[in-house]
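First up is the structure itself, then whatever we jot down about it.
The values are calculated or read from the model by the stated rules, or taken from the named source; none is laboratory data. None of the values given here were measured: they were computed from a predicted structure. Heads up, the Cβs are rebuilt from the backbone with ideal geometry, glycines too, and the neighbour counts pull from every protein chain shown. Ligands, DNA and RNA are excluded from the accessible area calculation, which covers all protein heavy atoms including side chains. Shrake-Rupley method; radii C 1.70, N 1.55, O 1.52, S 1.80 Å.
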Amino acid sequence: MAEEGTVIACHSVEEWTRQLEASNASKKLVVVDFTASWCGPCRMIAPLFTELAKKFPNVVFLKVDIDELQTVARDWAIEGMPTFVFLKEGTIVDKIVGADKVALPKKIELLLSK
């Protein structure tokens, strides 16, 4: 896994699977950003996602470009961008669809407190 405080971009299905398995085994909260290069709201919230990775080093932040990894996006039923999926030990515990700069950090704080 990458060092803490960074966003890990997954560029292949194998890399996605490896990162997901390692993250699940770590028992840390995982936040996955399903994004697209052509998506304006995705580009708008990307700097915040990076800042949150620095602010919450005990959380794993993964990024998946839905055009690059179409099978992953399809498997996870991603329909709108950006979609943020929150996982604990491989189980989806929450999801945010849209570039909500207020809800994203609040959701992380809430899930960390559980």
- Query: Counting only the backbone N, which residues of segment 57-89 are under 14 Å from the spot 7 Å out from the Cα of Lys114 toward its beta-carbon?
  - Reply: 85-89
- Query: Considering only protein heavy atoms, what per residue accessible area in square angstrom results for segment 6-104 with a 1.4 angstrom probe?
  - Reply: 48
- Query: Between Ser37 and Asp100, 0.36 nm times their residue separation minus their Cα-Cα distance comes to what?
  - Reply: 20.9 nm
- Item | At 1.002 mPa s and 20 °C, Stokes diffusion of segment 73-113 via Kirkwood alpha-carbon radius, µm² per second | 196
- Note on the structure: Calculated from DSSP helices alone, with each H run of at least 4 adding -39500 (n - 2.57) and the total divided by the residues of the chain, [θ]222 nm to the nearest 500 comes to -12500 deg cm²/dmol
- Any cysteine of the chain lacking a neighbouring Cys Cβ under 4.7 Å - listed by number: Cys10
- Query: What list of whole percents do you get for P(r) of segment 36-78, with Cα-Cα distances grouped in 10 Å bins up to the one holding the largest distance?
  - Reply: 25, 45, 30, 0
- Query: Which whole-angstrom value gives the distance between the alpha carbon centres of segment 10-43 and segment 53-68?
  - Reply: 6
- Leaving out ligands, DNA and RNA, what percent of the accessible area of the chain is carbon and sulfur, probe 1.4 Å? 53
